[in-house]
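Asks: Submitted below is the structure of interest, expressed as structure tokens.
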Amino acid sequence: MLVKYKRDYQKIAMGFLSFEPDLKVLSNLQAELKLFAEDAGHQLYLYKDADDDFSGVVGIEDGDGYVLVRHLQLAPALRNQETINTVLDELAALVGARRIMGSLETTPLIMRWEEHRREQ
């Protein structure tokens, strides 16, 4: 389940986002969280697994007819294509008809997800 970010989840979100090399520096991480908290065109969601535990984060940027997945980080034990597919399926349901696109880092994940959807 995707849960919209709020300040109560700041430390949890920071933990997942800090898996990204560019966000290991605290000032970069704080700036990124500020962007998601203050800019209506950017949204951050935390992923809760089947046990109702926070297990990841997905950050998107709204575009005209699409959403750009800027961040997709999961707990190390859940970094598998099945969980990524679940997260992206939930995101697709959330954004409706808008196309899901990826950044340089997330495009390979999204391409594998799209391939999986075509196979089903």
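The values are calculated or read from the model by the stated rules, or taken from the named source; none is laboratory data. The structure displayed is predicted, hence computed values, not measured ones. Note that each Cβ is placed from the backbone with ideal geometry, even for glycine, and that neighbours are counted across all protein chains shown. What goes into the accessible areas is simple: the full protein's heavy atoms, side chains included, and nothing from ligands, DNA or RNA. Shrake-Rupley method; radii C 1.70, N 1.55, O 1.52, S 1.80 Å.
Asks: Leaving out ligands, DNA and RNA, what percent of the accessible area of the chain is carbon and sulfur, probe 1.4 Å?
Replies: 51 percent
Asks: A further question on this structure: In nm, to one decimal, how far is the modelled label at residue 90 from the one at residue 54, with both set 7 Å along Cα→Cβ?
Replies: Spacing of the two 7 Å Cα→Cβ label points: 1.3 nm.
Asks: Can I ask one more? Find the percent of Cα-Cα distances in the range 1-79 that exceed 20 Å, and round it to a whole number.
Replies: 26 percent
Asks: Show that you can apply the helix-only estimate: for the chain, add -39,500 (n - 2.57) for every DSSP H stretch of four or more residues, divide by all residues, and state [θ] at 222 nm to the nearest 500. Kindly include the intermediate steps, with their values, before the conclusion.
Replies: Values: 4 runs with 49 residues, N = 120.
Rounded to the nearest 500, it is -12500 deg cm²/dmol.
Asks: If you look for lysine pairs in the chain that are eight or more places apart or on different chains, how many of them have Cα atoms under 19 Å apart?
Replies: Numbers: 4/34; 4/48; 6/34; 6/48; 11/24; 11/34; 11/48; 24/34.
Counting lysine pairs in the chain gives 8.
Asks: Using the Karplus curve 6.51 cos²θ - 1.76 cosθ + 1.60 with θ = phi - 60°, what ³J(HN,Hα) values do you get for each residue of the range 110-120, in whole Hz, with x for Gly and Pro?
Replies: Using θ = phi - 60°, the values come out as 5, 5, 5, 5, 4, 4, 4, 5, 5, 6, 8 Hz.
Asks: Follow-up question, since we're still on this one. To the nearest 20 Debye, how big is the dipole of the chain about its Cα centre, given +1 on the beta carbon of each Lys and Arg and -1 on that of each Asp and Glu?
Replies: About 160 debye.
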